[in-house]
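To start, the structure under review is shown below, and the notes come after it.
The values are calculated or read from the model by the stated rules, or taken from the named source; none is laboratory data. Quick caveat, the model's predicted, so the values are computed rather than measured. Here Cβ is always computed from backbone atoms with ideal geometry, including for glycine, and neighbour counts include all displayed protein chains.
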């Protein structure tokens with residue numbers, strides 16, 4: 001834990017970009033300056049930290065960015081930080097730039113990197129930011145609601161053309177290890193079937209769900225699939241095409257991909273990003289670090305980085321799983 005008030009801090013964004021990261025950067029800078037802090041921004045995540053690639057941030061340099069997607073600092077996934085030499089190099093840059101603290105905005109991998117730096121004596125706070133919404137210790141992460149809105153807009157449009165042609169659409173959303181986005185998108189999009197990594201569903205089960213929908217009088221169907229599910233959109237499509245005569249429905253695949261990361265952050269992401277950025281400065285000013293900040297029950301919550309990384313994978317909401325099954329009928 002930090003024992004004295006930081007007077008110079010830095011901020012970086014790491015891992016996959018998420019709508020609202022810029023709002024968080026803005027909140028960190030504008031909350032820190034009135035407290036007497038100088039603020040640096042490192043470019044391209046931990047890669048920029050290791051390379052010492054940074055610039056000074058002030059109130060004006062973060063003006064007009066709250067409504068912008070992506071991140072003005074740039075981001076990357078840094079394999080070097082996973083190595084002892086990379087961690088030492090990052091720690092040396094912290095000392096070389098006379099930094100008292102670091103704010104890391106990102107998801108699971110970013111928080112793992114933040115924890116490694118904390119073990120090297122760096123006072124660090126992580127802000128939960130990932131469209132996958134899979135960080136333990138919080139219910140909502142920066143970027144998740146905007147990504148969900150983007151997915152729903154696409155699903156709504158696909159349902160129109162599915163209805164016109166009487167087709168089944170397999171809509172693949174992001175979620176390499178997590179089905180939080182797919183589950184929420186499936187419920188909000190009225191999907192007839194939802195396929196996620198956490199629940200092992202085979203292709204025949206999905207086919208049976210679609211056939212059941214047709215037998216109940218539906219003329220088309222939407223299946224929302226997380227990219228990390230054992231049967232992703234491509235494998236499901238291959239199975240259905242191989243059994244087309246038996247199944248009797250026409251199929252199309254749409255992968256939303258990185259479109260889910262882009263675009264302006266919605267109201268809620270701007271709000272929670274602003275709350276979390278300001279709270280990070282509050283904790284540092286109070287001499288507290290080694291924490292991850294997220295939103296739980298509508299409020300900012302702090303979790304020790306060590307506890308977060310030792311926690312089991314954030315489970316899917318059992319009530320939402322049950323709701324999805326009920327509403328698909």
With criteria (1) closer than 22 Å to residue 322 by Cβ; (2) surrounded by fewer than 19 Cβ atoms within 10 Å (Cβ to Cβ); (3) touching a strand residue (DSSP E or B) at 6+ places or on another chain (Cβ under 8 Å), residue 202 comes up short on (3)
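Any idea which of 168, 160 is crowded, with 19+ Cβ neighbours inside 10 Å and either over 17 Å from residue 21 (Cα atoms) or touching a strand residue (DSSP E or B) at 6+ places or on another chain (Cβ under 7 Å) (or both)?
Numbers: 160 fails: crowded, with 19+ Cβ neighbours inside 10 Å.
Sole residue among the options that is crowded, with 19+ Cβ neighbours inside 10 Å and either over 17 Å from residue 21 (Cα atoms) or touching a strand residue (DSSP E or B) at 6+ places or on another chain (Cβ under 7 Å) (or both): 168.
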Residue under evaluation residue 19, criteria (1) closer than 30 Å to residue 150 by Cβ; (2) part of a strand (DSSP E or B), criterion not met: (2)
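Just one of 109, 126, 137, 143 is touching a strand residue (DSSP E or B) at 6+ places or on another chain (Cβ under 9 Å) and over 25 Å from residue 286 (Cα atoms); which is it?
On the way: 109 fails: touching a strand residue (DSSP E or B) at 6+ places or on another chain (Cβ under 9 Å); 126 fails: over 25 Å from residue 286 (Cα atoms); 137 fails: over 25 Å from residue 286 (Cα atoms).
That would be 143, the only listed residue that is touching a strand residue (DSSP E or B) at 6+ places or on another chain (Cβ under 9 Å) and over 25 Å from residue 286 (Cα atoms).
Filtering segment 77-108 down to residues that are within 16 Å of the chain's Cα centre (by Cα) and crowded, with 19+ Cβ neighbours inside 10 Å, which residue is farthest from residue 271 (Cα to Cα)? Quick ask: steps written out before the conclusion?
First, pick out the residues of segment 77-108 that are within 16 Å of the chain's Cα centre (by Cα): 77, 104-108.
Imposing the further condition that a residue be crowded, with 19+ Cβ neighbours inside 10 Å reduces the set to 104-108.
Numbers: 104: 18, 105: 15, 106: 17, 107: 18, 108: 21 Å.
So, considering only residues that are within 16 Å of the chain's Cα centre (by Cα) and crowded, with 19+ Cβ neighbours inside 10 Å, the one farthest from residue 271 (Cα to Cα) is 108.
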In this structure, is residue 125 surrounded by fewer than 23 Cβ atoms within 10 Å (Cβ to Cβ), farther than 24 Å from residue 241 by Cβ and at pLDDT 95 or above? no
Counting only helices (runs of 4 or more DSSP H) entirely within segment 248-328, those with at least 1 residues that are under 22 Å from the mean Cα position of the chain (by Cα) and under 20 Å from residue 172 (Cα atoms) are 318-327
Select, from 320, 316, 256, the only residue that is touching a strand residue (DSSP E or B) at 6+ places or on another chain (Cβ under 6 Å) and in contact (Cβ under 8 Å) with a residue 60 or more places away in the chain. 256
Candidate set: segment 40-72, residues that are in contact (Cβ under 8 Å) with a residue 60 or more places away in the chain and buried (at least 22 other Cβ atoms within 10 Å of the Cβ); chosen: the one nearest to residue 84 (Cα to Cα): 46
Looking at (1) more than 22 Å from the chain's Cα centre (by Cα); (2) surrounded by 14 or more Cβ atoms within 10 Å (Cβ to Cβ); (3) assigned to a helix (DSSP H, G or I), which is the only condition residue 238 fails? (2)
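Any chance segment 154-170 includes a residue that's within 11 Å of the chain's Cα centre (by Cα) and not assigned by TED's automatic domain parsing to the domain that holds residue 279?
No, the conditions are met nowhere in segment 154-170.
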Within segment 42-74, restricting to residues that are touching a strand residue (DSSP E or B) at 6+ places or on another chain (Cβ under 6 Å) and in a loop (DSSP other than H, G, I, E, B), the one that is nearest to residue 131 (Cα to Cα) is 71
